[in-house]
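First comes the structure, then the notes that go with it.
The values are calculated or read from the model by the stated rules, or taken from the named source; none is laboratory data. Since we're looking at a predicted model, the values are computed, not measured. Positions of Cβ are backbone-derived with ideal geometry, glycine not excepted, and every protein chain shown enters the neighbour counts. Accessible surface is based on the protein model in full, side chains and every heavy atom, while ligands, DNA and RNA are left aside. Shrake-Rupley method; radii C 1.70, N 1.55, O 1.52, S 1.80 Å.
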Amino acid sequence: MPFSGEIHERVANAPAVPRGLPLVLLLTGFTDAGNAVSGLIEHLRETTSPEPIAVFDNDVLLDYRARRPVISFDQDHLAEFRPARLELSLATDALGQKFLLLAGYEPDFAWNEFARTVLELADEFEVSGLNWVHSIAMPVPHTRPIGTTVSGNRRELTVAHSVWRPRTQVPATAGHLLEFRFAEHGDRVVGFVLLVPHYLAETENPEAVIAAAEKLMAATGLVILLDEVQERRQDYLTRVDEQVLGNDELQQMVQGLERRYDAYMAGRDPEDGSYDEGGFNERDLPSADELAAELERYLASRPSSDEDKPGRG
C-alpha cells in the first residue's frame, strides 16, 4: 500500500537555498563504528551554523522503543525532553561556502517515502550531488590510516580513495537506498565506508570523525575546521597505545594486524580490480571479542575510571 502521510515539515521562515549546492548525508543507526557519523554530526552542528529547512517527523519514521529519546530527571521533576533529530539544513563551511546537510537518525520506517521525499527536495534545490559516509568494523590496526571502500559513480574518487573493493551482499541502510535512487535518477553520487579497527569500534574514536570529514571534503571541496577533534585524537591514540604497550598479548595481536595490513597494501593496484577478493582476510586474525577481552583484562588491572577508557574523557 502506498504511503499516504507527510513525513516532513518545511520550516517557516527558512533561509533561501542557493541552487547547485552539494548534499551531505549523515545518518546514524545500523553501523557507526568508532562513532564516526554521530561524532561528525555533532561537530558540524557546532561549527557550521546549520539552519533547518525541513524537519522529518519522528512519529512516522522512528521506532521509539528501539531508540528511546532522552529525558532529564532533576531531583524531583522532569526537566528536559530531548527527542531525536533528522533535519535538512543549510550549513556554512569555514570558508563561507554553503552546503545542504541532511543529518540525524536513520529512519526505521517508510524508507521508500523517505527516499522519494529527499529526491524531491534535491530536485527542488538542484543539488550538485549526494555525498555520504558511514563506518564499519574491520580487522585493521589502529596504527595505520583508516581506509575506505568507495561506491557511487565518481570514478576519480573510487580510484583515489578505495582501498578495498569487495563483491558481497550486506544488510542495506537508508543511506544505501538513497545512493541507489540518486544514481538511478542520474545524479552524481559517492559513498565512503570507513574501515575502523574492530577492537575500537565501540569507542568514541576522534580519528574516525576526522577521516569521515576528510573524505567529504575531498568529494565536495568544502573546508571543515577540525582543530578541536585533532586535539582529542592525540589524547585518544595516546591512551590506546598505553593500553596496548602495557600488555604483551595485545601487542602481538596488533602486530599481526599490522603485518597483514602492510602486506595487503604493498600488493594492491588501485587501477586493478583483481585485489577485490581476499583483502583484509579475517583468517588468522584475532577476533573483535578476543581483542576486547584483552583490553578489558588490561583495564581491570588498573584503577577503574572513565578516563582510562579509549574515547572517554
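Given the criteria under 30 Å from Ser128 (Cβ atoms) and at pLDDT 65 or above, does Leu245 qualify? Give the steps one after another, and end with the answer.
Details: under 30 Å from Ser128 (Cβ atoms): no; at pLDDT 65 or above: yes.
For Leu245, the condition - under 30 Å from Ser128 (Cβ atoms) and at pLDDT 65 or above - is not met.
Being touching a Pro at 6+ places or on another chain (Cβ under 8 Å) and closer than 18 Å to Glu42 by Cβ is the requirement here; does Phe81 meet it?
Values: touching a Pro at 6+ places or on another chain (Cβ under 8 Å): yes; closer than 18 Å to Glu42 by Cβ: no.
For Phe81, the condition - touching a Pro at 6+ places or on another chain (Cβ under 8 Å) and closer than 18 Å to Glu42 by Cβ - is not met.
Filter segment 25-68 down to the residues that are open to solvent by less than 30 Å² (accessible area, probe 1.4 Å) and assigned to a helix (DSSP H, G or I) and list them by number.
Within segment 25-68, Ala33, Gly34, Ala36, Val37, Gly39, Leu40, Ile41, His43, Leu44, Asn58, Leu61 qualify.
Could you tell me which residue of segment 187-202 is most open to solvent (accessible area, probe 1.4 Å), considering only residues that are outside any strand (DSSP E or B) and under 15 Å from Leu23 (Cα atoms)? Lay out the reasoning, then the answer.
In the first step, residues of segment 187-202 are kept if they are outside any strand (DSSP E or B); the result is 187-188, 198-202.
Within this subset, residues satisfying the condition of being under 15 Å from Leu23 (Cα atoms) are 187-188.
On the way: Asp187: 33, Arg188: 119 Å².
The selected residue is Arg188.
For segment 165-186, which positions are open to solvent by 80 Å² or more (accessible area, probe 1.4 Å) and aliphatic (A, V, I, L, M)? Steps first, answer last, please.
To start, the set of residues in segment 165-186 that are open to solvent by 80 Å² or more (accessible area, probe 1.4 Å) comprises 167-171, 180, 184-185.
Passing the criteria: only Val170.
For every residue, the table says whether it meets (1) outside any helix (DSSP H, G or I); (2) touching a residue at least 24 places away in the same chain (Cβ under 8 Å); (3) on the phi > 0 side of the Ramachandran plot; (4) of a type in the set (Ser, Thr, Tyr).
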position	(1), (2), (3), (4)
Leu101	yes, yes, no, no
Glu113	no, yes, no, no
Glu124	no, no, no, no
Val127	yes, yes, no, no
Leu130	yes, yes, no, no
Ala160	no, yes, no, no
Thr168	yes, no, no, yes
Ala172	yes, no, no, no
Leu177	no, yes, no, no
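Scan segment 132-158 residue by residue and report those that are touching a Pro at 6+ places or on another chain (Cβ under 9 Å) and in a strand (DSSP E or B).
Ala137, Met138, Thr149, listed by residue number.
Looking for something farther than 20 Å from Ala94 by Cβ and either modelled with pLDDT of 95 or more or among the small types (Gly, Ala, Ser) (or both) - is there at least one such residue anywhere in segment 208-221?
Taking segment 208-221 first, the residues farther than 20 Å from Ala94 by Cβ are 208.
Those still in the list that are either modelled with pLDDT of 95 or more or among the small types (Gly, Ala, Ser) (or both) too: 208.
Scanning segment 208-221, I find at least one residue that is farther than 20 Å from Ala94 by Cβ and either modelled with pLDDT of 95 or more or among the small types (Gly, Ala, Ser) (or both), so the answer is yes.
Given the residues Phe99, Phe56, Phe114, Phe73, which is the only one that is more than 19 Å from the chain's Cα centre (by Cα), aromatic (Phe, Trp, Tyr) and more than 18 Å from Gly29 (Cβ to Cβ)? Full working, then the answer.
Working: Phe99 fails: more than 19 Å from the chain's Cα centre (by Cα); Phe56 fails: more than 18 Å from Gly29 (Cβ to Cβ); Phe114 fails: more than 18 Å from Gly29 (Cβ to Cβ).
Sole residue among the options that is more than 19 Å from the chain's Cα centre (by Cα), aromatic (Phe, Trp, Tyr) and more than 18 Å from Gly29 (Cβ to Cβ): Phe73.
Open to solvent by less than 10 Å² (accessible area, probe 1.4 Å), in contact with a strand residue (DSSP E or B) (Cβ under 9 Å, 6 or more places away or on another chain) and small (Gly, Ala, Ser): is that true of Ala91 in this structure?
Values: open to solvent by less than 10 Å² (accessible area, probe 1.4 Å): yes; in contact with a strand residue (DSSP E or B) (Cβ under 9 Å, 6 or more places away or on another chain): yes; small (Gly, Ala, Ser): yes.
Against the criterion (open to solvent by less than 10 Å² (accessible area, probe 1.4 Å), in contact with a strand residue (DSSP E or B) (Cβ under 9 Å, 6 or more places away or on another chain) and small (Gly, Ala, Ser)), Ala91 qualifies.
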